Every structure is written in C-alpha cells, then in structure tokens.
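One structure below.
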Amino acid sequence: MYKRQVKPYQPDGLWEDVSVERRDKYVADTDDGLYRRSMYTFWKRTCPPPTLTNFDANNREVCVVRRGRTNTPLQALILMNDPTYLEAARKLAERVVKAEAVVEQRLDLAFRLAASRTYRPDERPILMKIYQDALTRFRAEKGSAEKLLTVGDSPRDLTIDPVDLAAWTVTCSTILNLDEVISKR
C-alpha cells in the first residue's frame, strides 16, 4: 500500500499513437510493479490501459463501488494471451508441479488453488484432456514449449522439464480463465 503507481505489461506503441509527435513512450516496470494490483496502475486519461478498458474498468471520473459484470470475446483473448495472465499461469504451474508428483494430484491442487473448491466430476476429464493434448503437442513441438515459457519477465524454474511445464501452463491458464475464477459472484 501507498507505493508509487505502477506500469504493468502493455501493448507496444501504446502511448505513441495518442501523444504529440509520438514523443511519449510507455515503458513497463521491470520490478515488482509488474505484479501489483491493477488499482495501482498508472492511468493516462488519453490512453487508459487496454486490459482495464476491456474489463469495463471505471474511467476514474467518478467513484464506483463495483464494476458491472460483462463478458466479451476481448476479455477471453486477454486472459489467454496477455503476458500478465500467461505468466501467472506459468507460476501456478510451477507451484503445482513442484508440490505434487502425480498428475491427478497436480490437477486437484491447481483447481483448488484457483477456484477455491474441488472440481465437479464432469470437470476433471475435460481438464485431463486439455493437459494430455497440450503435453502431446509440446512433445512434438518443443520449440513451442520454450516460446510459451519465455513469456513475461519472471524467470522460469529451470529444474522443471519444459515440455511438462508448458503443458501445465496451458492447463492452469484454462483453470484461471474460468468465469468463477475471474469474476466475484
């Protein structure tokens, strides 16, 4: 609390398009500012953070207690592709892989950590298929696994097999994209 405003990951050229003579450059933080809550994000009125805009953040001209709940394809695209969320999925995957040795136990832990509940019987086979499909794909395309694991500034755990970590990252990303995980009910 009470620290400076932060500048998380944002698209390249974010401020240049709205600045006079393209002078302003957005430079993301390289320290813990990348991982602070969005309420501390620096907000330029002429160019609000796209992620917050797509999630219907208030424009900060008036105070609101709670944002409206909406769902658009842009939100899903952000949650699946933005470095912030891919990095969070990788870190959750690292935690799960290091904590448990058995695939089923890893899945149980990942789901419980993200959703704060155990999954329903019909959810487990879907998540297992996602993991198995990702594992098969990354075994065939090891370069894709490495590319996924380099997203974000935080270093990855080099003691974990990159193919397995990439498959768990995809699985954890799926879990983190569940409506109940991203929206307070």
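For the range 1-102, GluC sites (Glu not before Pro) are listed when DSSP marks them as loop and at most 15 other Cβ atoms sit within 10 Å of their Cβ; the list is E61, E100.
Of the chymotrypsin sites (Phe, Trp or Tyr not before Pro) in the range 91-159, not one is in a loop by DSSP (not H, G, I, E or B) with at most 11 other beta carbons within 10 Å.
Each helix, a run of at least 4 DSSP H residues, gives -39500 (n - 2.57); summed and divided by the residues of the chain, these come to -14500 deg cm²/dmol at 222 nm. Computed over the range 60-185, the convex hull of the alpha-carbon atoms projects to a mean area of 9.2 nm².
With the largest listed first and rounded to whole Å, the semi-axes of the equivalent ellipsoid of the range 41-128 from the Cα gyration tensor are 33, 15, 12. Given a 1.4 Å probe and every protein chain left where it sits, what share in percent of the accessible area of the range 50-118 is carbon and sulfur? Within the range 50-118, the accessible surface is 56 percent carbon and sulfur.
Comparing T72, T118, T150 in a Gaussian network model of the chain where C-alpha atoms under 10 Å apart are linked, the largest mean-square fluctuation is found at T72. Taking amide hydrogens as placed 1.01 Å from N in the peptide plane, the amide H of C47 sits under 5 Å from that of no residue at least 5 positions away in sequence or on another chain. Dipole orientation for the chain: of the candidates N59, Y35, I182, N59 has the Cα lying most toward the positive pole (charges on Cβ; Lys, Arg +1; Asp, Glu -1). Any lysines with Cα under 30 Å of the K129 Cα? List them, leaving off those in the same chain fewer than 8 positions away. List returned: K91, K98, K142, K147, K184.
A viscosity of 1.002 mPa s and a temperature of 20 °C, combined with the Kirkwood radius over Cα pairs in Stokes-Einstein, give a translational diffusion coefficient for the range 122-165 of 187 µm²/s.
Taking amide H atoms as placed 1.01 Å from N in the peptide plane, the amide H of V6 lies under 5 Å from those of T41, F42, each 5 or more residues away in sequence or on another chain. When K91, K98 are compared by accessible surface with a 1.4 Å probe, the order from highest to lowest is K98, K91.
Taking only the C-alpha atoms of the range 1-59, Rg followed by Dmax gives 11.6, 36 Å.
Per residue, the accessible area of the chain comes to 63 Å², computed with a 1.4 Å probe over protein heavy atoms only. Among the protein heavy atoms, those of V103 account for about 40 Å² of accessible surface (1.4 Å probe, every chain in place).
Shown in residue order for the range 38-54 are the 3J(HN,Hα) couplings computed by the Karplus curve 6.51 cos²θ - 1.76 cosθ + 1.60 at θ = phi - 60°: 5, 5, 9, 5, 4, 10, 8, 4, 7, 8, x, x, x, 4, 5, 4, 5 Hz (x for Gly and Pro).
The values are calculated or read from the model by the stated rules, or taken from the named source; none is laboratory data. The shown structure was predicted, so the numbers you read here are calculated from the model rather than taken from an experiment. Positions of Cβ are backbone-derived with ideal geometry, glycine not excepted, and every protein chain shown enters the neighbour counts. Calculation scope for accessible area: heavy atoms of the full protein, side chains included, ligands and nucleic acids excluded. Shrake-Rupley method; radii C 1.70, N 1.55, O 1.52, S 1.80 Å.
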